[in-house]
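The structure appears right after this line, and notes come after that.
The values are calculated or read from the model by the stated rules, or taken from the named source; none is laboratory data. Computed from a predicted structure; not experimentally measured. Don't worry about glycine lacking a Cβ; one is built from the backbone with ideal geometry, like all the others, and counts go over all protein chains shown.
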Amino acid sequence: MAAVQGGLVDTDEEKDIKTDPSSDACGNNNNAIDAKPVSTSPGTNAPSGNTKTPVATTEEQQTLLAVLQFLRKNNLSESVDILRREAGLPEDLLDLKGSDGSGSGPGGAGGGVGQEGGDSSSLLSRVAVSVSAAQAPTKVTSNDQPDVSVVLSAYNQQGDPALYDVYYSDLKKFIETVLDCHRAELSQVFYPLFVHMYLELVYNNHENQAKAFFGRFSGDQECYYEDDLRVLSSMTKKEHMRGNETLLDFRTSKFVLRISRDSYQLLKRHLQERQNNQIWNIIQEHLYIDIFDGMPRSKSQIDAMSGSLAGEAKRDANKSKVYYGLLKEPEIELPLDDEDEEAENEEGKPKKKKPKKDSLGSKSKKQDPNAPLQTRIPLPELKDSDKLDKIMYMKEATKKIRLGPETLPSICFYSFLNAYQGLTAVDFTDDSSLIAGGFADSTVRVWSVTPKRLRKVKSAADLNLIDKESDDVLERIMDEKTSSESKNLYGHSGPVYGISFSPDRNYLLSSSEDGTVRLWSLLTFTCLVGYKGHNYPVWDTQFSPHGYYFISGGHDRVARLWATDHYQPLRIFAGHLADVTCTRFHPNSNYVATGSSDRTIRLWDVLTGNCVRIFTGHKGPIHALAFSPNGKFLASGATDGRVLLWDIGHGIMIGELKGHTDTIYSLRFSRDGEILASGSMDYTVRLWDSMKAFDDLETDDFTATTGHIHLQDNSQELLLGMYTTKSSPVVHLHFTRRNLLLAAGSYNP
Amino acid sequence: MSAPKTIPKDAQVMMQILKDMGITEYEPRVINQMLEFTYRYVTTIIEDAKIYSTHAKKSTVDADDIKLAIQCRMDQSFTSPPPRDFLLEVARQKNQTPLPLIKPYTGPRLPPDRYCLTAPNYRLKSVQKKVTASAGRISVPRLSVGAVSSRPATPTIGSSSVPSVTAKVSTPVSLSAQRFTVQIPTAAQSHVPKTTATPPVLMSSSLIGPKTLLMSSSSLSQSDSLKRKHEDDEDYDAL
């Protein structure tokens, strides 16, 4: 959220600056400010409640003061008097708080007057914002007045395009000479700086310089930014940028860097020594430097966390309380006949009206402090059929195989033949009785896994004929004549990218490229509702574990929470910079995790719609997410082939599983969370020892506060098994209630 | 196969573009599709630009016309998702309203029928008009079994399958096509499974009686459209 504020603040302030009557001594003209997004909307609603008006006044004053100072320096005393009189500035205001302007230092003196009107004030205010936010109230000792050179440099914002090369190589040289321990951290600055400088050149129509700049320095960037750089290389004109929302967002939002205080001081000192240095301006304008006290991070630590489109997450983005515990399982009374019928009798099974303990629920009656209240979000109450389902579930759970490093699950792979690469989504019901496949030809097909065939409810006319009083009326309403192994569902007008069964097996959701999410009834195998909201492809959808709610995420960069009986979404989770590619509910239905093409994972609170966690570290769009059954951990897989493990409570990365060589499309924890299975495009399913990965967690205070965990390179030890299919990428994984692993994919010879 | 055929220059250019953008693996059809798209896009833009330049009474098409054409097309066909601040604002407003409480068990939880796709998307053609002797139209809300919940607004009696075989009933049977059924509270009050949305309807006793006979036979003659008698055509206006 904080990152968001940064972006909005920019637009707000720029609007203010436009109306700011800057002095004419510098002869500026308010040209298009480079950071202003093309598609402006009245950014009047800064959610942060930033003080817009007082800032504006201060900005005006500071500009005037800066001009005054300039005049005084050049010994134009008469002009000074006239200006002071006209502007009505009292004498004592000349010693203005140095805290605002001083931090910027002599960013770039003299030179011609630039075209970037009004950026001075914005620059100064942003300096204020960034400096105060960075909690480093370091003042450049000499100046206690807004430095005119700073102000003037802003007018010179774009500087001389030909010099961008020079600035950048200067910085490169400097960083190379710095101490080892600081070098890794300071190198983080390269990429955002490079991109912003390039975009500035493009935005100001210096096409040739932009191309030259790009050609010279793009090779130096980190390898994981390759895709972004390629996209950038195709943008050489200002018009190219229009319509690319991701890039526009990148320009307006601040790239977050985490640098230790010592390294930061080094950098600042170096940049302030220089005259005419645009780099400092750009850093202040576009970068948010989250300063922490402590040891500088090593290259590997930095590499682990970086890679996202907007840098890393600010520390305070991951500080809010998250109720990751599970909801208490409702107490279900066992009906009498069930007890008698059971062949095997578990030891210690309670008689009659005792709550049945299930494998997940805690035995204690009091509230788990980490679990949300039962009533935090409204959940549908259990119907009789749900209670029966739960009883079945508990019965099955007793027959569950306990998995571990010694007992690996058997894997049953369902190959979709003749799909011709058209299989785009798969889902299993929780009791593994039905499979649904979504295809690129816009059909959805449901198969029965068990020998029991699929039947739909009889037609209305036939229903009149049945004996409605008979005991097996629920059987009689089913139509045996049209029963079949599989049923096709037609309705979408584009490839179906997401599929999800409801927990009670009555409904099926499918999301498609046509922008709708459709709800299908599995009793009649017809479409019930089309939820329209995203007007762009919807990449993923999922029912909540308790039914009734579902989420969808799509190309419009938001995820939406819906309820089946509302035709409009209940919550909109906006904040990602690029498409939302993967959406998952937390087991307690109170939180939603979204993975996106901007290479971050965000955790949203369903109750308020706020983003409570931001996880960065992947180097490619995220395509798979899985919550552990105990709700504490999240596993994510992306196109970079790594599986990352996150601790939700602390908001930090706790593990990295390397091994896959291609995009990971499916992740699933076993029923008790002991094994994590991952399926990927490289035709393999890998099993990882998640118990061990989570056990090795050390969360002392330092790691908790700074989030700098030292990842062990133990992927090899954690890998329990790798199973290759015969040229079938693994699209979906599912553990049955007895811990048999089912996998699905289409056969691609 | 003959000697390696030369690839046309356009296709070579397209292959180079794909390579520059980092796409190394693609089916051969992709090039053809991209070329077709390019051709269509460029011709559309140029045609638009010609229109704009004639509108501006210029003799030739110049860069401004092309720019305008591109802009207009972008806004029309290649829209991009809304900007971030707009989304954030919309989200903020939406997220302020508390989550609605869930009514206790009410059957399938679906939006109002207007927003569902459960209404029939066809209408039966009336063949003959039949004078009705019933005391006015009795509104019978249609009941649904299964997924089809019927039209909500104006329940009517549509009698599409009145058999002419059995007793000539002047009053219509309110059975229509496959999807609708009326629950007549006869002795055997039906116990419809949980998918029913609306409660049964009481019809006036004048209409009950021969109905029970007709219902069973009517289902047999569903497809017999010629024999359908319709009460009123006005019924269908209300649909």
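Points to keep in mind about this one:
- Hits in the stretch B:50-75 (condition: more than 11 Å from chain A (Cβ to nearest Cβ) and of a type in the set (Asp, Glu)): B:62, B:64, B:65
- Meets criteria (of a type outside the set (Gly, Ala, Ser) and within 21 Å of residue A:234 (Cα to Cα)) for residue B:13: yes
Matching residues to (1) more than 10 Å from every other protein chain (Cβ to nearest Cβ); (2) crowded, with 22+ Cβ neighbours inside 10 Å; (3) under 20 Å from residue B:83 (Cβ atoms); (4) over 27 Å from the mean Cα position of the chain (by Cα):
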| residue | (1), (2), (3), (4) |
| --- | --- |
| A:235 | yes, no, yes, no |
| A:238 | yes, no, yes, yes |
| A:246 | no, no, yes, no |
| A:255 | yes, yes, yes, no |
| A:260 | yes, no, no, no |
| A:273 | yes, no, no, yes |
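- A residue that is of a type outside the set (Gly, Ala, Ser), surrounded by 17 or more Cβ atoms within 10 Å (Cβ to Cβ), under 21 Å from residue B:117 (Cβ atoms) and within 41 Å of the chain's Cα centre (by Cα) occurs nowhere in the stretch A:458-473.
- Check on residue A:409, more than 14 Å from chain B (Cβ to nearest Cβ), surrounded by fewer than 21 Cβ atoms within 10 Å (Cβ to Cβ) and assigned to a loop (DSSP other than H, G, I, E, B): no
- The single residue among B:83, B:104, B:8, B:28 that is farther than 23 Å from residue A:578 by Cβ and at the interface with another protein chain (Cβ under 8 Å from one of its Cβ atoms) turns out to be B:104.
- Residues located in the stretch A:466-482, provided they are more than 7 Å from chain B (Cβ to nearest Cβ) and over 17 Å from residue A:506 (Cα atoms): A:466, A:467, A:470, A:471, A:472, A:476, A:480, A:481, A:482
- Within the stretch A:211-220, the residues that satisfy the criterion of being without any contact (Cβ under 8 Å) to a residue 40 or more places away in the chain and buried (at least 16 other Cβ atoms within 10 Å of the Cβ) are A:214, A:218.
- Scanning the stretch B:107-118 for residues that are part of a helix (DSSP H, G or I) and at the interface with chain A (Cβ under 7 Å from one of its Cβ atoms) yields a single hit, B:115.
- Filter result (among the hydroxyl-bearing types (Ser, Thr, Tyr) and either more than 9 Å from chain B (Cβ to nearest Cβ) or assigned to a strand (DSSP E or B) (or both)) within the stretch A:552-608: A:552, A:581, A:583, A:589, A:591, A:594, A:596, A:597, A:600
- Condition check for residue A:205: within 24 Å of residue B:17 (Cβ to Cβ) and more than 12 Å from chain B (Cβ to nearest Cβ): yes
- Within the stretch B:27-56, the set of residues being under 25 Å from residue B:74 (Cβ atoms) and not in a helix (DSSP H, G or I) comprises B:56 only.
- Qualifying positions in the stretch A:609-634 - out of contact with any helix residue (DSSP H, G or I) (no Cβ under 6 Å at 6 or more places or on another chain) and in a loop (DSSP other than H, G, I, E, B): A:610, A:618, A:620, A:621, A:628, A:629, A:630, A:631, A:632
- Exactly one residue out of A:441, A:427, A:431 is under 30 Å from residue A:725 (Cα atoms), acidic (Asp, Glu), part of a strand (DSSP E or B) and under 31 Å from the mean Cα position of the chain (by Cα), and it is A:427.
- Any chance residue A:297 is away from chain B (no Cβ under 14 Å), farther than 22 Å from residue A:621 by Cβ and not hydroxyl-bearing (Ser, Thr, Tyr): yes
- Flag if residue A:411 is of a type outside the set (D, E, K, R) and at pLDDT below 90: no
- Scan of the stretch A:519-533 for residues that are at the interface with another protein chain (Cβ under 10 Å from one of its Cβ atoms) and either within 15 Å of residue B:115 (Cα to Cα) or part of a strand (DSSP E or B) (or both), ordered by number: A:519, A:520, A:521, A:526, A:527, A:528, A:529, A:530, A:531, A:532
- Residue count for the stretch B:86-101 satisfying the condition of being within 7 Å of chain A (Cβ to nearest Cβ) and assigned to a helix (DSSP H, G or I): 9.
- Considering the stretch B:43-101, the residues that are surrounded by fewer than 15 Cβ atoms within 10 Å (Cβ to Cβ) and among the acidic types (Asp, Glu) include one that is farthest from residue A:610 (Cα to Cα), namely B:62.
- Test: residue in the stretch A:239-262 that is assigned to a helix (DSSP H, G or I), out of contact with any strand residue (DSSP E or B) (no Cβ under 9 Å at 6 or more places or on another chain) and at pLDDT 85 or above: yes
- Checking the stated criteria, residue A:536 turns out not to satisfy the condition of being surrounded by fewer than 17 Cβ atoms within 10 Å (Cβ to Cβ) and either among the aromatic types (Phe, Trp, Tyr) or within 11 Å of chain B (Cβ to nearest Cβ) (or both).
- You will find that of A:357, A:400, A:390, the residue that is surrounded by 15 or more Cβ atoms within 10 Å (Cβ to Cβ), at pLDDT below 85 and closer than 27 Å to residue A:506 by Cα is A:357 and no other.
- Residue selected from the stretch A:503-513 under the condition surrounded by fewer than 21 Cβ atoms within 10 Å (Cβ to Cβ) and on the phi < 0 side of the Ramachandran plot, by the criterion nearest to the other protein chains (Cβ to nearest Cβ): A:506
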